[in-house]
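Here the structure is laid out as C-alpha cells; the discussion comes afterwards.
The values are calculated or read from the model by the stated rules, or taken from the named source; none is laboratory data. Note that the structure is predicted; figures quoted are calculated from it, not measured. Because the Cβ atoms are built from the backbone with ideal geometry, glycine has one as well, and the counts that use them run over all protein chains shown.
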Amino acid sequence: MTPLLQVKGVTKHYGARLGCGDVSLDLYPGEVMGIVGESGSGKSTLLSCLAGHLMPDAGEVIYDTRAQGPRDVLGMSEPERRMLGRTDWAFVHQNPRDGLRMGVSAGANVGERLMAVGARHYGQIREQAVDWLGRVEIAADRIDDRPRAFSGGMQQRLQIARNLVTGPRLVFMDEPTGGLDVSVQARLLDLLRGLVREMGLSAIVVTHDLAVVRLLADRLMVMKDGAVVETGLTDQVLDDPQHGYTQLLVSSVLQV
Amino acid sequence: MTLHDQNYNFGYLDEQTKRMVRRALLKALAIPGYQVPFASREMPMPYGWGTGGVQVTAACLTPEDTLKVIDQGADDTTNAVSIRKFFQRTAGVAVTEHTEQASLIQTRHRIPETPLTEGQILVYQVPIPEPLRFLEPRETETRRMHALEDYGLMYVKLYEDIAHNGEISTAYAYPVKVEGRYVMDPSPIPRFDNPKLESAAIQLFGAGREQRIYALPPYCQVVSLDFEDHPFEASKADHDCDLCGCATSYLDEIIVDDAGGRMFICSDTDFCAGRQAAGHIGRLSGKDTA
C-alpha cells in the first residue's frame, strides 16, 4: 500500500535555533498519527511544515494526490498547493478564530470552501451547510448566526464542519481540544473519532494532551527539543514508554 | 494650443505627471480589470471628491475635447460643477451637459442613460478600488488572491446577502468579472448600471487616495457575479419618472413634504431634460413641487 503522506527528513530552523530536526514519517490511508511533546518541542512547527504553511529548510513532503499519484508538496506551485489545501486537506487550528471567518455567518463559513472550488448554486451550498452543521451537532437554526455568537466548543465544531465539507482525505489538527473544558472536550473527541472512522480520514493530531491521543491516534510520535525521541503504536508507547522523556510525560498525567 | 489661464499648465498637472498617469492607463487597458498602481498626486480638493478621476481626466484631455462632468447622474450638483469649472479654468476646454456631445465624461457613481459611442471616454471616480477589501483587509493577501484567481470569497459575500435578506442585496458597487479573469469593483454605480459596463466607449477608473487605476477597453466582456439559482438582476425603483415619464431609467427618490409626499425623477438630469424637451411628460409635470 502506498502511504498517503511520506515525510522525509523535514528540518526547520528559526535563525540559529532549531524548530524541528530531521523528522521522517509515513502515514497510511485511514490512519491517525498523534504527535505529543511539551510546549516548544517543535510539534506545531512540524505540522505547519507538513501543511505547507511554513517552508522547511530541508526535507520532502510527498502526498499521494488523487489525480497524479505521489507528488512533492513543497515543489508544487502556490495555486496547486492552495487547491490541495482546500479540497483534499483540512487544517483545524487550536484557536477557532484562526480557522473561522468571524465576520460571516456559520453557513457561509461552511460554504466558503465549496464556493472556492467552484460551487455556484446557493440552494445546494446551503443544503450541504445544513447537513454538516447537523453532523457536528449545531442546530440548523443557528446557520445564519455569526461564530461570535457561538460558545468555544461550538466554534471548534463549526471549524471542523467547515474543514470537512469538501470531503478531504487528510486532516491536520493542532491542539483541537485546547482551551475547552473537559466535558466539551470529551464530546468533541467523541465526534472527531466518529467522523474519522466514518469518513475513513487520515489525520495528524498535534497535542500535549495524552488523553486525546489515547482516544484518537493509532500511532504516536513523541518529540522533544525539535527531534523525535520515540515512535510506536499508541498503547505501546503510553503503557510501556522506553525513552526517559516519554516516561516523564506519561507519569506526569494526574490520576483523578 | 491656447491656455485659458497662464498660471496653470494645460489640464493642471505637469507633463511628467500626465505621462506617468498615461503609462498606467495604457497598462490598465492592456489588462482589463487589473488594478495598476500609480503615483497619485495631491490635488486641490479633498480625497473622496474625485482626486483619482480628476487626474485621469487631466491626463486624457486635449484642447479639442468637450467635457461633461456628472455626479450621481446630475450635471448641476456641487461636485460636478466644481470639477467642470476646474477644467474650464485650467484647460480651457469646451464643456457640455449633453452626453452625445461630450468626448470625455467624468462621472461619480452613474453611467449616463444615453448609450455611449465609440470615441467617447468615461472616467469614473473610485473610492475603494479593491472589491475584496471588506472581506480581506490585507493588501498583500488580496493581491495574491487576484494573482491566483482565488475569488471564492467574493461569493461568500453574495451568500451572506441571500442568507440574511433573501436576495442579493448588494445594490451598488456590485462586483463584476472582466473577460473571465479579474474581479473588479465597478465603483459605487447602482447595479442597474452594471449591464452598461459592456460599452462602445473606453472606461477608465481612477482611485486617487488608494493610488490605483484600472480600465475597461471598448466591448470588453463584463459579467456580474451571481448564483445559478439567484441570477443577477439590474434593479431600480418600481416607478416611472415623475417629470418625463420614462419607465426604464434609474430614479432618485425625493421627499417633497413632511406628510409622506415623494416624487421619483431620473437621476440622469441631461437624459430627463432631453425627454421633457421632446414633449414627454410625467405624473407631476408642470406642477410646482417646491
Review point. If B:Lys27 satisfies every condition in (1) buried (at least 19 other Cβ atoms within 10 Å of the Cβ); (2) under 30 Å from B:Lys177 (Cβ atoms) but one, which is the exception?
Key: (1)
Practice item. Restrict the check to the range B:137-146 and report whether at least one residue is surrounded by fewer than 17 Cβ atoms within 10 Å (Cβ to Cβ), of a type in the set (Asp, Glu) and assigned by TED's automatic domain parsing to the domain that holds B:Arg191. Key: no
Check your understanding: Taking into account only those residues within the range A:50-89 that are surrounded by 19 or more Cβ atoms within 10 Å (Cβ to Cβ) and among the hydrophobic types (A, V, I, L, M, F, W, C), which is nearest to A:Val136 (Cα to Cα)?
Key -> A:Trp89
Practice item. Answer with yes or no whether A:Ala119 is touching a Gly at 6+ places or on another chain (Cβ under 9 Å), crowded, with 22+ Cβ neighbours inside 10 Å and either away from chain B (no Cβ under 14 Å) or at pLDDT 90 or above (or both). Key: no
Review point. Is there a residue in the range A:42-65 that is within 18 Å of the chain's Cα centre (by Cα), among the acidic types (Asp, Glu) and closer than 30 Å to A:Gly134 by Cα?
Key: no
Review point. For A:Val73, are the conditions met, namely being more than 14 Å from chain B (Cβ to nearest Cβ), in contact (Cβ under 8 Å) with a residue 60 or more places away in the chain and under 22 Å from A:Thr231 (Cβ atoms)?
Key: no
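Residue-wise test of (1) among the small types (Gly, Ala, Ser); (2) at pLDDT below 95; (3) over 24 Å from B:Gln16 (Cβ atoms).
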site	(1), (2), (3)
B:Gly52	yes, no, no
B:Ala59	yes, no, no
B:Gly73	yes, yes, yes
B:Asn79	no, yes, yes
B:Ala91	yes, yes, no
B:Gln106	no, no, no
B:Val126	no, no, no
B:Phe134	no, yes, yes
Check your understanding: Before we move on, is A:Thr231 among the polar types (S, T, N, Q) and touching a helix residue (DSSP H, G or I) at 6+ places or on another chain (Cβ under 7 Å)?
Key -> no
Check your understanding: How do the pairs read when you match residues in the range B:140-155 that are more than 10 Å from chain A (Cβ to nearest Cβ) with residues anywhere that are outside any helix (DSSP H, G or I), using Cβ under 6 Å and keeping only pairs 6 or more apart or on different chains?
Key -> B:Thr142/B:Glu130; B:Thr142/B:Leu132; B:Thr142/B:Glu136
Check your understanding: Checking A:Arg157 against (1) away from chain B (no Cβ under 14 Å); (2) more than 20 Å from the chain's Cα centre (by Cα), which test does it fail?
Key -> (2)
Check your understanding: Which numbered condition trips up A:Ala67, out of (1) at pLDDT 90 or above; (2) out of contact with any strand residue (DSSP E or B) (no Cβ under 8 Å at 6 or more places or on another chain); (3) more than 8 Å from chain B (Cβ to nearest Cβ)?
Key -> (1)
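One line per residue, one yes/no per condition, for (1) within 30 Å of A:Arg81 (Cα to Cα); (2) without any contact (Cβ under 8 Å) to a residue 60 or more places away in the chain:
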| site | (1), (2) |
| --- | --- |
| A:Thr177 | yes, yes |
| A:Leu189 | yes, yes |
| A:Leu201 | yes, no |
| A:Leu248 | no, yes |
**Study point:** Which listed residue is touching a residue at least 40 places away in the same chain (Cβ under 8 Å), buried (at least 23 other Cβ atoms within 10 Å of the Cβ) and of a type in the set (A, V, I, L, M), from B:Val69, B:Val56
**Key:** B:Val56
**Study point:** Condition check for B:Lys68: more than 18 Å from the chain's Cα centre (by Cα) and either under 29 Å from B:Tyr219 (Cβ atoms) or among the hydrophobic types (A, V, I, L, M, F, W, C) (or both)
**Key:** no
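Per-residue answers, yes or no, for (1) of a type in the set (A, V, I, L, M); (2) crowded, with 19+ Cβ neighbours inside 10 Å; (3) in a helix (DSSP H, G or I):
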position	(1), (2), (3)
A:Phe91	no, yes, no
A:Asp98	no, no, yes
A:Val104	yes, yes, no
A:Asn109	no, yes, yes
A:Gly123	no, no, yes
A:Ala129	yes, yes, yes
Review point. From A:Asp181, A:Asp225, A:Asp209, which residue is of a type in the set (Asp, Glu), closer than 30 Å to A:Ala16 by Cα and at pLDDT below 90?
Key: A:Asp209
Check your understanding: Hey, does the range A:30-43 have a residue that's buried (at least 20 other Cβ atoms within 10 Å of the Cβ) and within 14 Å of another protein chain (Cβ to nearest Cβ)?
Key -> no
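Residue-by-condition table, conditions (1) more than 18 Å from A:Leu215 (Cα to Cα); (2) touching a Leu at 6+ places or on another chain (Cβ under 8 Å):
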| position | (1), (2) |
| --- | --- |
| A:Leu114 | yes, no |
| A:Arg120 | yes, no |
| A:Ile125 | yes, yes |
| A:Trp132 | yes, yes |
| A:Asp181 | no, no |
| A:Gln185 | no, no |
| A:Asp190 | no, no |
Practice item. Output the residues belonging to the range A:140-185 that are under 22 Å from A:Leu5 (Cα atoms) and either touching an Asp or Glu at 6+ places or on another chain (Cβ under 7 Å) or part of a helix (DSSP H, G or I) (or both). Key: A:Ile160, A:Asn163, A:Leu164, A:Pro168, A:Arg169, A:Leu170
